[in-house]
Amino acid sequence: MTKVVYAISVSLDGFVAGPGDGVGNALGRGGNALHSWASAPDDVDQRVLTEGFESLGAHIVGRRMFDVSEAWHGRPPGDLPCFVVTHHPVAEWTDEASPFTFVDGVERAIDAARAVAGDKDVAIGGGASIGRQALQLGLVDQINVQLMPVLLGGGVRYIDHLEEAVTLEQLSVEPSHNAVHLAYRVISRSRGRTES
């Protein structure tokens with residue numbers, strides 16, 4: 001069954017981008033350290049990266065991440081179908097050959113991503129806002145975190161302003177030389193929904 005996985009790299013002090021993030025500096029000051037594990041020659045890191053992408057059938061991002069990453073120059077992460085949550089589609093990326101689909105609303109984006117993912121998972125990644133919204137809507141099944149040994153001191157917070165607490169069950173903890181890879185199953189969610 002398709003899972004919705006919120007996957008993201010986080011600094012030890014709880015940021016997913018450093019101060020001053022924007023176009024031309026998508027991860028802000030010091031933020032490139034957050035993804036250094038993905039290109040490190042470490043067996044654990046490379047296995048986590050490979051298994052993560054092999055399990056996915058689609059990816060969801062927010063419009064801000066789409067903009068600051070400059071649309072990944074037309075190649076979204078993992079070359080997966082990418083659903084961008086926005087009220088305003090970008091005309092240059094709306095033709096049939098585009099790897100991007102613009103969707104109005106997190107819930108609609110998840111539904112659309114599930115439809116193309118088949119029996120693979122859907123990843124919410126590359127930004128804090130969409131993940132928080134999906135958690136609040138009770139639509140996230142699993143959270144994967146790459147905890148990085150860096151203190152950014154400011155920037156974009158990982159999860160801020162949740163309306164309700166979310167209870168998690170730890171699935172795995174895998175340290176490498178570059179990160180600690182954590183996976184949690186979402187047990188209780190907003191809207192009064194629970195998983196058994």
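Values quoted throughout were computed directly from the atomic coordinates according to the rules given, and no laboratory measurement underlies them. Quick caveat, the model's predicted, so the values are computed rather than measured. Please note: Cβ atoms are built from the backbone with ideal geometry, for glycine as well, and neighbour counts cover all protein chains shown.
Counting 0.36 nm for each residue step from Glu54 to Glu174 and taking away their Cα separation leaves a gain of 41.4 nm.
With both labels modelled 7 Å from their Cα along Cα-to-Cβ, the Asp104 to Ala38 distance reads 3.1 nm. Using only the Cα atoms of the stretch 65-176, each taken as one equal point scatterer with no solvent, compute I(q) by the Debye sum, divide by I(0), and report log10 of the ratio at q = 0.14, 0.18, 0.21, 0.23 Å⁻¹. Result of the Debye calculation: -0.69, -1.11, -1.39, -1.52. Neighbour counts of other Cβ atoms within 10 Å put Phe100, Phe53 in the fewest-to-most order Phe53, Phe100. Normalising the Debye intensity of the stretch 1-67 to I(0), with uniform scatterers on Cα atoms only, and taking log10 at q = 0.23, 0.24 Å⁻¹ returns -1.18, -1.21.
Looking at the chain, send over the antiparallel percent of its DSSP beta bridges, to the nearest 5.
Here the share of antiparallel DSSP bridges comes out near 45 percent.
The spread of Cα positions in the chain, taken along each principal axis and listed from longest to shortest, comes to 43, 42, 32 Å. Look at the alpha carbon pairs under 8 Å that are at least 6 residues apart: their mean separation over the length of the chain gives a relative contact order of 31 percent. When shorter helices are ignored and each DSSP H run of at least 4 residues is given -39500 (n - 2.57), the per-residue value for the chain at 222 nm works out to -6000 deg cm²/dmol.
The H on the amide N of Asp121, modeled in the peptide plane, is under 5 Å from the matching H of Lys3, Leu56, Gly57, each at least 5 residues off or on a different chain.
Springs between Cα atoms under 10 Å define the GNM used for the chain, and in it the highest mean-square fluctuation of Asp45, Asp160, Asp67 occurs at Asp160.
Computed over the Cα atoms of the stretch 110-196, what is the ratio Rg over Rh, Rh following Kirkwood?
Details: Rg = 14.1 Å, Rh = 14.5 Å.
Ratio of gyration radius to Kirkwood radius for the stretch 110-196: 0.98.
Quick one: Cα centre-to-centre distance for the stretch 12-33 and the stretch 64-122, in angstrom? For the stretch 12-33 versus the stretch 64-122, the Cα centre distance is 22 Å.
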